[in-house]
Amino acid sequence: MLRCETGPMPVLEPNPQNGQKKLLIVLGAMLGITVVIGVIASLASP
């Protein structure tokens, strides 16, 4: 089987490659947009 010595999530490396850094930025942006939408929706609700 495959052995992974960096832990369960090898994507979160100290020095990620360019593609991994771009993926982390995209995932972070999606999470941030979701949080912003949730805050706006909670404030807009009566």
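The values are calculated or read from the model by the stated rules, or taken from the named source; none is laboratory data. All values reported here derive from a predicted model rather than from experimental measurement. Note: ideal-geometry Cβ built from the backbone for every residue, glycine included; neighbour counts use all protein chains shown.
Tell me whether region 9-21 contains one or more residues that are loosely packed, with under 10 Cβ neighbours inside 10 Å, at pLDDT below 55 and either in contact with a Leu (Cβ under 7 Å, 6 or more places away or on another chain) or assigned to a loop (DSSP other than H, G, I, E, B) (or both). Give the derivation first.
The first filter runs over region 9-21 and keeps only residues loosely packed, with under 10 Cβ neighbours inside 10 Å, leaving 9, 14-15, 18-19.
Still in the list and also at pLDDT below 55: 9.
When the remaining residues are screened for being either in contact with a Leu (Cβ under 7 Å, 6 or more places away or on another chain) or assigned to a loop (DSSP other than H, G, I, E, B) (or both), the result is 9.
So far as region 9-21 goes, yes, one or more of its residues are loosely packed, with under 10 Cβ neighbours inside 10 Å, at pLDDT below 55 and either in contact with a Leu (Cβ under 7 Å, 6 or more places away or on another chain) or assigned to a loop (DSSP other than H, G, I, E, B) (or both).
Identify the single condition in (1) over 21 Å from the mean Cα position of the chain (by Cα); (2) at pLDDT below 75; (3) of a type outside the set (K, R) that A41 does not satisfy, given that it satisfies every other one.
(2)
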